[in-house]
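To keep things clear, I will list the structure first and then write my remarks on it.
The values are calculated or read from the model by the stated rules, or taken from the named source; none is laboratory data. Bear in mind that the values here come from a model prediction, so they are computed numbers and not experimental data. All Cβ positions, glycine included, derive from the backbone under ideal geometry; neighbour counts span all protein chains shown. Protein only, heavy atoms only, side chains kept; ligands, DNA and RNA dropped before computing areas. Shrake-Rupley method; radii C 1.70, N 1.55, O 1.52, S 1.80 Å.
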Amino acid sequence: MSPILTPLFPLPDLVLFPGLVLPLYVFEQRYRDLLADVRRSKEPFGIVRILEAGGEDGAKSFQDRVAKVGTLAHLRSVTDHDDGTASIVVVGGERFRILDFDTRHSYLSATVQEDPLPEGPGEQDMTAALSRRLLDGLLTVRAADAGAIREHAPQEPLLLASFAATLLPLSGDQREQALDTIDLLDRLETLISFLPRNDRALN
């Protein structure tokens, strides 16, 4: 698959995972420009995590403060407001890696290479077992929400991993580590490793 040029929507300490629905409020002018371009092109844009705040000395450029791995966001709905802002809903698509930044627009863009998460051949049994362990751990950590979690937890392991990564009490670094894994087994194992030790032992 060839690299593509895509607009970027960096967000502080937020990691979008494939298959997840994310509402956003667009108010800054540069992201209003991004939204206008995305609506015209009907192409996805990229969501990447802002790794650190800009220092007062401005030592690092904006592009040096964003993660180099992100997720394509597909626009599902837009509600325009009278003041020029908008409420949008996006769905996470493929993971990507940034090859090079483009600063020609008011918003940051990048040439990215899609990097789908592979599932190795013959690993279905292990994937299913790890998915069950992860769901059991999530139910233990979020015991008060167990009913809703059982009702809404996806069956597909990739989507279950995305679901758990959002609901577990993880830091931005941990979520990015889960996004930036080698394959699906690695992502499931990484998320299980983030469970409290007692919950891992019980499972």
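Computed quantities for the displayed model
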item: Any hit, segment 54-64, residues being within 20 Å of ASP180 (Cα to Cα), touching a Gly at 6+ places or on another chain (Cβ under 7 Å) and surrounded by 13 or more Cβ atoms within 10 Å (Cβ to Cβ); result: no
item: Wholly within segment 97-203, helices (runs of 4 or more DSSP H) carrying at least 1 residues that are more than 18 Å from the chain's Cα centre (by Cα); result: 124-141, 146-152, 184-193, 197-202
item: Residue under evaluation GLU43, criteria (1) outside any strand (DSSP E or B); (2) surrounded by 14 or more Cβ atoms within 10 Å (Cβ to Cβ); (3) in contact (Cβ under 8 Å) with a residue 60 or more places away in the chain; (4) out of contact with any Gly (no Cβ under 7 Å at 6 or more places or on another chain), criterion not met; result: (3)
item: Test set (1) of a type in the set (Gly, Ala, Ser); (2) at pLDDT 95 or above; (3) open to solvent by 20 Å² or more (accessible area, probe 1.4 Å) - ALA110 fails condition number; result: (3)
item: Scan of segment 130-148 for residues that are among the small types (Gly, Ala, Ser) and either open to solvent by less than 60 Å² (accessible area, probe 1.4 Å) or closer than 26 Å to LEU185 by Cβ (or both), ordered by number; result: SER131, GLY137, ALA146, GLY147, ALA148
item: Counted residues, segment 1-40 - those being assigned to a helix (DSSP H, G or I) and free of Cβ contacts under 8 Å to residues at least 60 places away in the same chain; result: 6
item: Residues satisfying the stated conditions in segment 151-169, i.e. aliphatic (A, V, I, L, M), buried (at least 18 other Cβ atoms within 10 Å of the Cβ) and closer than 25 Å to VAL66 by Cβ; result: LEU158, ALA161, ALA164, ALA165, LEU168
item: Test: residue in segment 180-200 that is crowded, with 18+ Cβ neighbours inside 10 Å and in contact with a strand residue (DSSP E or B) (Cβ under 7 Å, 6 or more places away or on another chain); result: yes
item: Subset of segment 87-107 that is of a type in the set (A, V, I, L, M, F, W, C) and touching a Gly at 6+ places or on another chain (Cβ under 8 Å) - its residue that is surrounded by the fewest Cβ atoms within 10 Å (Cβ to Cβ); result: VAL91
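For every residue, the table says whether it meets (1) of a type in the set (A, V, I, L, M, F, W, C); (2) modelled with pLDDT under 95; (3) under 30 Å from GLN155 (Cβ atoms).
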site	(1), (2), (3)
LEU5	yes, no, no
LEU14	yes, yes, yes
THR71	no, no, yes
THR103	no, yes, no
